[in-house]
Amino acid sequence: MVIKVSYRKSRTQATLFIYALLLIVMGGAAVALAAWYMGAFDQGPTVPAGASQQTSSDGTENESSAVSEEQPGGETSSSGDASSEIITDDDPLVNAHNTTKGSEEFPYYICVNRKQNMIIVYTMDDDGYYTVPYKAFVCSVGLPDPENDGAVNTPIGTFNTTNQYTWRLLEGNVYGQYATRIVDHILFHSVPYYEQSKDTLEWEEYNKLGQAASLGCIRMTVEDAKWIYDNCPKGTTVTIYESDKTEPFEKPEAQKIPEDSPYKGWDPTDPDPENPWNS
């Protein structure tokens, strides 16, 4: 009788042990299944609506991003460079073109003096270095940004150009002609237009050429922006610095557009045959 009790007790304990083991295994499986289920649906942050890029048949890119967007007035935002320190003439950044060897593929090196709102283009000497001043353009770089501790959103540094656009659609339903991307959302482009039409120029902004006026991009006349578009292929080196140095050329002056001019919707330098300034 004692033996039977011990046997039954042992069998009961074994059964309980098996049940407990099954519960542990099933519980672990349930946890693993739950973890898999949650992971399968956790794909990280979703892409904001409209964040993709679309290029139309005429080459106009429509880009929108919730992180860094084209700003009203035809300019683009960027982290910029908070430094306002003036660079000396012997600074390596100012003289980077002198120590850079070129090639037939890239005949020009573009330097932007942010302090002077002026662009100097260099070409190669007999040894292949960009030491020969070639052209000068007047421009408008970014204004100090009060929301970024007064930083200028036209960044200082050396970059290589990428995409180019005959018309660049910007947030605020404004456009820039002959845009060349320098870095991120910073471009060379014409003074903005209200529409994708050459007779809708923001002429008041055009008259600011030669002084800081943008939100970061480098504004130019149509003629000058087109020259970069036509002659400086993707990959051209651009150095942006801030200096009081005497540049090899005097800063050109852009023609002013009178408020009462019947042609004020046109950039006076636009080579288009329909430009009334050319008649």
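Structure summary
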read-out	value
Global geometry of segment 81-179, whether rounded, prolate or oblate, following the gyration tensor of its Cα atoms and the 1.5 cut on a/c	oblate
Nearest-10 value in Å² for the accessible area of E105, using the 1.4 Å probe	120
For G216, residues with placed amide H under 5 Å, excluding near neighbours	T76, G142, L143
Exposure rank, largest accessible area first [H185, H97; 1.4 Å]	H185, H97
Listed residue pairs exceeding 22 Å between alpha carbons, taken from K115/K135; K226/K251; K101/K234; K115/K234	K115/K234
Segment 145-279, accessible surface, carbon-and-sulfur percent (1.4 angstrom probe)	44
Accessible area (Å², per residue) of segment 173-279, counting only protein heavy atoms and a probe of 1.4 Å	44
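The values are calculated or read from the model by the stated rules, or taken from the named source; none is laboratory data. The structure displayed is predicted, hence computed values, not measured ones. When the accessible area is computed, the model is the full protein with side chains, heavy atoms only, and any ligands, DNA or RNA have been set aside. Shrake-Rupley method; radii C 1.70, N 1.55, O 1.52, S 1.80 Å.
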